[in-house]
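The values are calculated or read from the model by the stated rules, or taken from the named source; none is laboratory data. Keep in mind the model is a prediction, meaning the values are calculated, not measured. Note that we place each Cβ from the backbone using ideal geometry, even for glycine, and neighbour counts take in every protein chain shown. Note: accessible area is taken over every heavy atom of the protein model, side chains too, but ligands, DNA and RNA are not part of it. Shrake-Rupley method; radii C 1.70, N 1.55, O 1.52, S 1.80 Å.
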Amino acid sequence: MDLLTIGAFAKASGLSPKALRLYDQLGLLRPARVDPYTGYRYYAVAQLDRARLVAWLRRLGMPLAEIRAVSALTGPDAAREVRAYWARVEAETAVRRDLAAFLVTELTEAPREATTMLELRCAAHSDRGHVRPANQDTAYAGRRLLAVADGFGPAGAPASGAAVEALRFLDEEAGPRPGNVLNLLADAVRGAGDAVRDVTEGAEDAGTTLTALLWTGSRLALAHIGDSRAYLLREGGLFRITHDHSVVQSLLDEGRLTPAEAESHPQRSLLLKVLGADPDLRLHADLRLHEALPGDRYLLCSDGLTGVVPDARIRELLAAAPDPETAVRSLVDAANAAGGPDNVSCVVGDVVAPVG
């Protein structure tokens, strides 16, 4: 068997020696031989095709966990997975493109006196589930504010309630201009953190997630911390617009876990960021502005839904429901039908053109 040193193999494959060492540790591309005395890696010439495929997929931006799966497939099957991955990238990019276009407009155009106003119609539903002794979630749907908080620990219910209550004043505010709404929401989230610390003082390992959308009449501002989620259903496609602040998500991002491994990981409930744990949440909560279009449907939910109901089924239920009230009921029912192992909360908001 013809062997190449790691340096020669790196040059031939387009991968750096540092990348090759990482892929060895992850089991993605093992060397053909490791010197038992020096630990030096040697690769077979026959491994070059796989290494070049890995290099191409990394340039494409594919996560390491998906690369592992694709590189184990034959040509047509691998091509199908690459095509599916790129379709997801294009769909997600379309949503980000809309946001970028909005920001360019806001930063370059003079303030507009007249804006076509849309309406938000929404509903919320929260359920204890079949296993937990109490419901520590809080779900809220008001005129302008949508929010879900998932409390944990001995003061979880007061924590989630305090977080949402601290934001409720936003529902009474006159619609803020899109250019100011993120600052307003950031200050409100900081106040929610203070409120959570007040009600959890002395309670060990207690806190809450918070995912909220604030409606301006033409835009939606998002605040997010933890592993509750927000989704957008637009033209039949479902897009997750939040990123979990969890240990498992960080391992997925680094390619150290596959999605299948993540489902049963012992630390899947361990959060990296929670409301109330840091006195300056403006540095840690995700804050973004989303352009709203007539026909958009937004979902906010706790992990009691996403932990047992796959995204494909969530999309089906959201798309089939004729109104937000039906949507939240059907989603909660689906979580309970799947065993209801956790509290489950859903808030759905529809963006509609005003009648008349």
Provide the per-residue ³J(HN,Hα) series for region 186-199, in order, calculated from phi with Karplus coefficients 6.51, -1.76, 1.60 and θ = phi - 60°, each as a whole number of Hz, with x at glycine and proline positions. 4, 5, 5, 5, 4, x, 5, x, 4, 5, 5, 4, 5, 7
Amide H neighbours of D137 at under 5 Å, excluding residues fewer than 5 places away on the same chain, with H built from the backbone geometry, are G151
H284 to D323: extension gain in nm, 0.36 nm per residue of separation minus the Cα-Cα distance? 10.7 nm
Which trypsin sites (Lys or Arg not before Pro) in region 126-171 pass both tests, a DSSP loop state and at most 15 other beta-carbon atoms within 10 Å? R143
Accessible-area order (highest first, 1.4 angstrom probe) of the listed residues W86, W215: W86, W215
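How high is the FRET efficiency from A12 to Q267, r the C-beta distance, R0 41 Å, rounded to 0.05? All intermediate terms of the calculation are to be shown ahead of the outcome.
Details: r = 39 Å, r/R0 = 0.94.
Here the calculated transfer efficiency is 0.60.
Could you order peptides 21-29, 264-272 by the average number of other Cβ atoms within 10 Å of their residues, highest first?
On the way: 21-29: 16.2, 264-272: 13.8.
Per-residue mean Cβ counts within 10 Å order the peptides as 21-29, 264-272.
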Of V247, V308, V45, which has the largest mean-square fluctuation in a 10 Å C-alpha GNM of the chain? V45
In Hz, Karplus ³J(HN,Hα) per residue of region 213-225 (6.51, -1.76, 1.60; θ = phi - 60°; x = Gly, Pro): 10, 10, 8, 9, x, 9, 9, 10, 9, 10, 10, 8, 8
Calculated Cα extents along the principal axes in Å (choose from (1) 56, 54, 44; (2) 74, 50, 39; (3) 68, 49, 45), label: (2)
Mind running the shape call on region 268-356? Use the C-alpha gyration tensor, a ≥ b ≥ c as the square roots of the eigenvalues: rounded below 1.5 for a/c, prolate if a/b tops b/c, oblate otherwise. oblate
Kindly identify region 1-49 as rounded, prolate or oblate by the Cα gyration tensor criterion: order the square roots of the eigenvalues as a ≥ b ≥ c, call it rounded if a/c is under 1.5, otherwise compare a/b with b/c, prolate if a/b is larger, else oblate. rounded
Might you tell me the accessible area per residue for region 1-79, computed with a 1.4 Å probe and given in Å²? 56
E291 - accessible surface, heavy atoms, 1.4 Å probe, Å² rounded to 10: 50
